[in-house]
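The structure appears below as structure tokens.
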Amino acid sequence: MGDEGFRLVIGNKHTSSWSLRPWLAFKQAEIPFAEVRINLRAPDAKEQIRAHSPAGKVPVLWVGDLMIWDSLAILEFLAERYPEKTLWPEHPAARALARSASAEMHSGFQPLREHCPMKFVTQDPKSEFPEAVEADIRRIVDLWKDCRSRFGADGPFLFSQFSVADAMYAPVASRFRTHVADLGAFGDDGTAASYIDALFALPAMEVWAEGARAEIAAR
Ligand SMILES: N[C@@H](CCC(=O)N[C@@H](CS)C(=O)NCC(=O)O)C(=O)O
């Protein structure tokens, strides 16, 4: 399929964790799209976002006059529109697990999200975490280990090949890289650390990082 005129509205690359998810999936699936970036630090950011979506949040995907205004909904749309890209794992059990993991991320881990904001190109290791954040970190480490041990033998990602689940957890990998110096303290046997390395080795992640650095330089 060629250029379908997709317009993906995103926030700041340094901090907008939800924006990274569909952006990374577009890049990994090599689907052409135009990027519309809104500086969420601008005083009129809210009005700018509302000009694209009454929900007042990014990311938003425009496909002609169709608006899709939520990161997971955009990922689902791409998976459905491009079945040949296998953005969900093909094996039904793997797909069910990938969907569960993605939904858990989408609706959960509030303590981690509040305490460890995404700062894509900054190091800010914390010496201690509130109990609820520790529980989130442990849960995610266990979840990643489970996905990798059951379905990750044929590649470096949660379900071997890059999937929606990796797009959903890429911002978490960034939060861990910024804030958590030693994942071993949270039960990691090296699986989570290697998984984070694999995500950050993607050329698209470096493109996102360059954008984040440019934003910081422009402040
Ligand atoms: N459920 C939405 C949440 C998106 C969201 O919270 N986006 C943040 C940026 S990361 C936002 O738009 N913040 C701007 C605001 O609330 O004014 C999704 O997953 O797309």
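The values are calculated or read from the model by the stated rules, or taken from the named source; none is laboratory data. Just so we're clear, the structure is a prediction, and the values are computed from it rather than from any experiment. We place every Cβ from the backbone using ideal geometry, glycine too, and count neighbours over all the protein chains shown. When the accessible area is computed, the model is the full protein with side chains, heavy atoms only, and any ligands, DNA or RNA have been set aside. Shrake-Rupley method; radii C 1.70, N 1.55, O 1.52, S 1.80 Å.
Around residue 145, with a cut-off of 9 angstrom between Cβ atoms, what is the net charge of the other residues, counting Lys and Arg +1 and Asp and Glu -1?
-3
Can you tally the net charge around residue 84? Count Lys and Arg as +1, Asp and Glu as -1, for every other residue whose Cβ sits under 14 Å from the Cβ of residue 84.
-1
Highest GNM mean-square fluctuation, the chain, Cα pairs closer than 10 Å: which of 209, 167, 201?
Taking springs between Cα atoms under 10 Å, the residue moving most is 201.
Post the alpha-carbon centroid distance, region 51-97 to region 1-47, in whole angstrom.
Each part's Cα centre sits 13 Å from the other's.
In a Gaussian network model over the chain where Cα atoms closer than 10 Å are linked, find which of 177, 41, 113 has the largest mean-square fluctuation.
In the Gaussian network model the winner is 41.
Taking R0 as 41 Å, what FRET efficiency do you get between residue 189 and residue 55 from their Cβ-Cβ distance, rounded to the nearest 0.05?
0.55
Using Cα centres only, tell me the gap between region 118-146 and region 164-205 in whole Å.
Spelled out, the Cα-based centre of one part sits 10 Å from the other.
Quick one: with all protein chains in place, what share of the accessible area of the chain is carbon or sulfur, to the nearest percent (1.4 Å probe)?
Answer for the chain is 51 percent, counting heavy atoms of protein chains only.
What full-extension length gain, to one decimal in nm, is calculated for residue 149 and residue 4 as 0.36 nm per residue of separation minus the Cα-Cα distance?
Here the answer is 48.5 nm.
Find the accessible area per residue for the chain; the probe is 1.4 Å, ligands and nucleic acids are left out, and the unit is Å².
46
What fraction of the DSSP beta bridges in the chain is antiparallel, stated in percent and rounded to the nearest 5?
65
Taking K and R as +1 and D and E as -1, what net charge do the other residues with C-beta under 15 Å from the C-beta of residue 58 add up to?
Net charge in that neighbourhood comes out at +3.
For labels at residue 90 and residue 218 in the simple 7 Å Cα→Cβ model, what's the distance in nm?
Once both label points are built, they end up 4.1 nm from each other.
Which is the longest run of the chain containing none of the GluC sites (Glu not before Pro) found in DSSP loop states (not H, G, I, E, B) with at most 10 other C-beta atoms within 10 Å?
Counting at most 10 other Cβ atoms within 10 Å as exposed, the longest clean stretch of the chain is 31-127.
Would you mind computing, in nm to one decimal, how far apart the modelled labels at residue 104 and residue 41 are, each placed 7 Å from Cα along Cα→Cβ?
3.5
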